[in-house]
Structures are given as structure tokens and as C-alpha cells.
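Working notes, beginning with the structure itself.
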Amino acid sequence: MSNVTDISTRQVWELLEAVTDPEVPVLTILDLGIVRDVKVENGTVTVVITPTYSGCPAMDVISMSIRMQLLSHGYKQVNISQVLSPAWTTDWMSEAGKEKLRAYGIAPPNPTQSVCSMELFADDEAVQCPHCSSWNTRRISEFGSTACKSLFQCNDCHEPFDYFKCH
Amino acid sequence: MQQTLINYSLYLADNSLILAQRNAEWCGHGPILEQDIALTNISLDLLGQARSFYQYAAQLINTDNPSATPASEDSLAYLRDVYNFRNCLITELPNGDWGQTILRQFFFSSWQFLLYQQMKLSSDQTLAAIAEKSLKEVTYHLRWSSEWVIRLGDGTEESHNKMTKALEELWSFTGEIFEPAPFEKAAVEAGFGIDPVSLKDAWMQKVTEILQEATLTVPAPRWMQTGGKEGKHSEHLGFVLAEMQFLQRAYPNATW
């Protein structure tokens, strides 16, 4: 039996590869690192996910997409549960995901050491322009079009761009 | 114990929800687009935190009362009346001008930052997890609002005067946050709650530091407004709820 479970667990992970973030559609939910666990027991699939930000409206859509994806591949009993701890961090984003973001025109998150500090009026991280690769950029706003992004502008090519902020 | 945990969770949820609702009124009205987006982002974070606390409260209520109509995050947000809300009065006050909204957010974020730092270590695992998650978001809120208080206080004569007026409007509503309600005392006694008195000095220190940098004067101690935690609200909350709850009241169980 344990072999069967292993195979279906792997199948579920593979199926989840096809579920994307509705707001940043180049990223799969595995790229984002929000799937924390998958269990298959007696035909019931449990997928444990964690939100990127508390109020991220994409989470409900993502839960629905996971359910639809698994149902359409024959998994009839699907439980999706959310955990908050340990809190999601951009460290869990895959390298492939970061490359996809860059190609999409969004600067990928920096490594953790530059996470939001309490130092005021400081650009606390150097962010690379996804268009011309210059590091000579400036933050326009801490907050962007979605909870996970902030707004930057490149001082060299002058293009404004989104930065998937380190969190 | 269970009832204390329910009350405490609802208190935390109500504070976040009502301030989220107030901040959301700025959507489309912010002074510039980026800051309009910033404030609505903060609103969304607060709404998410409120949802987590309401979901937890609903789960506890339903375990206590399996035969009753099940409670949900929606029923707790949309179907309770003014006297059941426990939020501090400062969250329900009208927004005033941009400076007043910013100053309130700064007071509130300074408190939430200290609260969640403690609550992250709570003996109740769900409260601890919500705090751990929320603290990362509140760090952004606190930095953003601190910068704006300084920018406006130490800005032009007009912005300085407006901030002085905002301080005058809001100050007497800051004491309530640190005045423990019976359910907070019970929560501390039960081991999972945070004593608000223990946060007061650190809050005052932070506020003093930022106000000084903003060239604003920390107001002298004065009589403080209270009542929100016991459901005795200002006339403003009724109007907030009327707008927020209208759809569910008029069309029960309506969904998108």
C-alpha cells in the first residue's frame, strides 16, 4: 500500500505544477513555495498551503484552482487547509520561479538579509532592473499593485518596474 | 477559558476590521496614486488579519455550541451589532484629513508591532501563528506610517499645523488601547493573552521618538476616552457598520 500512496503523492505534486498564481500567472504555486505538504490517505488528498500575505485575495482562487485541477484528474476527495506558521518567506521561492519573474519584467526577491528593517527613509536593498540589469534603481513606493510587490524605477533606462519584495 | 479566548480573538479581529474599513474609504481618494495604493494595501493586510482571528473565533464558537447555527467569519463581521464590537474607539473615528489618517495608522501600527512581537510567543498556537504572520506585514506599516508622520510634521507650515491638529484630535483616544478590559485580564490570567499595560512604555517611547523627529510636541497627560472594548462606542461605528453590513443585512447570504 505504501508504494501506491507514494506514487499518488508524487502525482499530486506533479499536478500542482500546473496550478498558477492568478495575479502573477508565470509562477506556479510550487515556484512560489506556498504548498507546504501533500498527503494522500485512503483516496483523500490533503494539500496544505500557506498565504503569502494575510489578505492576499489570490489565496481563495488558488484553493479553488487546486481543487479543480485534482478533481479533473480523478481525485474526488480533496481537502485544502491553510497554515500560517512558519510564516511564508520569499526564501521558499524556487530559482526557476525567480528567473521566470525576471523574464516577465518583475524583479525577483532579493535574499533574506535585506528584509524590511525599521530604518526610516533608507533604501534597504539594492534591486536590479529586470529590463536593463542595472543596479542603479530607486524605490518609488513600498507598496504596489498587489500585496507582494513594491514599485521601483530604473535610473539608467528610466523604466518603472515591479519588485517582488523580499518578505 | 474557551469564552475568554473567543472574546480575545474577537477583540483583535474587530480592531483590524474596523481600521481596514476606515482606511479603505481612501481608495481612489489618496493624495497621490502610490500612497492611495499604500494605504489600501495596509487595509488589505488588516482585513486578512481580521479574517484569521474571525475564523478562529468562529471555530471555537462552533465547538462550544455544536447544535446552534454555525458561526463563520462572515457572520461575525456582518451580522453583529454595534454593542457586540470590541474595537478601540480610535479605529472607528472618521478619517479626517490625510495627516490624521496617517497619525492614527502610526499609533495603531506601533501598538500592533509590540503586541504581535509578544503574541508570537503565546501559549495558544493559533494566536501565535497569526501574530508571526502578521508581524512581517505590520513592520512595513510601521515604517511607512513613521516616515509619513515625520515627513508631514517636519514638512511645510501647513502640514505641520495639520499634524498638530490631528494630534490634538487623536491623543485622548490612545489611552484606551493600554487600559485592560475584563476579557484581556482573563486572557492574561489564562496564559495566552498579552497584558496591554506591559506594552505602554515601549509604545510611548516609540511615539515620542517619532513625534520629536517630526518636530511635534508630545501632548501632556490628559483624561482618556474609553468604552470601545466594552461595546460602548461613539456614534461613528454605527455608520461604519451600516455601510459595511448593508448588503448582508438587506440580502442575507448573498454571494458574488
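The values are calculated or read from the model by the stated rules, or taken from the named source; none is laboratory data. Note that the coordinates shown come from a computational prediction; the quantities given were computed from them, not determined experimentally. Here the Cβ is made from the backbone with ideal geometry for all residues, glycine too, and neighbour counts use every protein chain on show. Please note that ligands, DNA and RNA were not included when accessible areas were found on the heavy atoms of the full protein model with its side chains. Shrake-Rupley method; radii C 1.70, N 1.55, O 1.52, S 1.80 Å.
Spacing of the modelled spin labels on A:Ser134 and B:Ser67, each 7 Å from Cα toward Cβ, amounts to 7.2 nm.
Here B:Asn95 and B:Asp36 are evaluated by their C-beta separation; at R0 = 22 Å the FRET efficiency comes out at 0.95. Applying Stokes-Einstein at 20 °C and 1.002 mPa s to the Kirkwood radius of region B:159-256, computed over alpha-carbon pairs, gives a translational diffusion coefficient of 129 µm² s⁻¹. According to the calculation over all Cα-Cα pairs in region B:1-82, the P(r) per 5 Å bin from zero is 3, 16, 22, 20, 14, 10, 7, 4, 3, 1, 0 %. For region A:9-82, the Kirkwood estimate of hydrodynamic radius, built from reciprocal distances between every pair of different alpha carbons, is 12.2 Å.
What is the list of residues in region A:27-44 whose amide nitrogen lies under 20 Å from a point 7 angstrom out from the Cα of A:Cys157, following Cα to Cβ? Flagged as within label range: A:27. Take A:Lys149: with every protein chain present and a 1.4 Å probe, its accessible area is about 10 Å².
Normalised by the residues of chain B, what does the relative contact order come to in percent, with Cα pairs under 8 Å and at least six apart?
25 percent
Using 10 Å bins from zero, what percent of all Cα-Cα pairs in region B:1-142 falls into each bin? With a bin width of 10 Å, the distribution comes to 12, 42, 33, 12, 2, 0. Note on region A:9-36 and region A:123-159: Cα centroid distance 26 Å, given to the nearest whole angstrom. Computing FRET efficiency as 1/(1 + (r/R0)^6) for B:Lys232 and B:Ser75, where r is the C-beta to C-beta distance and R0 is 30 Å, gives about 0.85.
Provide, for q = 0.08, 0.12, 0.19 Å⁻¹, the log10 of I(q)/I(0) from a solvent-free Debye sum over equal Cα point scatterers in chain A. For the requested q values the scattering log ratios are -0.29, -0.59, -1.17. Just so you know, the Cα atoms of the protein assembly as shown work out to an Rg and Dmax of 22.5, 76 Å. Among A:26-33, A:15-22, B:156-163, the peptide with the highest mean count of other Cβ atoms within 10 Å heads the list, and the full ranking is A:26-33, A:15-22, B:156-163. Could you give the distance between the Cα centres of region B:121-135 and region B:164-211, to the whole Å? Distance between centres, Cα-based: 19 Å. Here the gap between A:Leu71 and A:Asp123, fully extended at 0.36 nm per residue and compared with their Cα-Cα distance, gives a gain of 14.1 nm. With a simple spin-label model that places each label point 7 Å from the Cα along the Cα-to-Cβ direction, the separation between A:Glu95 and A:Ser145 comes to 2.9 nm. For the pair B:Tyr83 and B:Glu189, label points projected 7 Å from Cα toward Cβ lie 2.4 nm apart. In this calculation the C-beta distance from B:Ser172 to A:Asn79 is compared with R0 = 56 Å, giving a FRET efficiency of 0.70.
The lysine pair tally for chain B, using Cα distances under 25 Å and a gap of 8 or more places or different chains, is 22.
Go ahead and collect, in residue order, the members of region B:154-182 whose backbone nitrogen is under 19 Å from a label point 7 Å along the Cα-Cβ direction of B:Gln3. Flagged as within label range: B:181-182.
Counting residues in region A:94-167 as N, plug N into 2.2 N^0.38 Å and put the Cα Rg over that result.
Against the empirical 2.2 N^0.38 Å value, I get 1.01 for region A:94-167.
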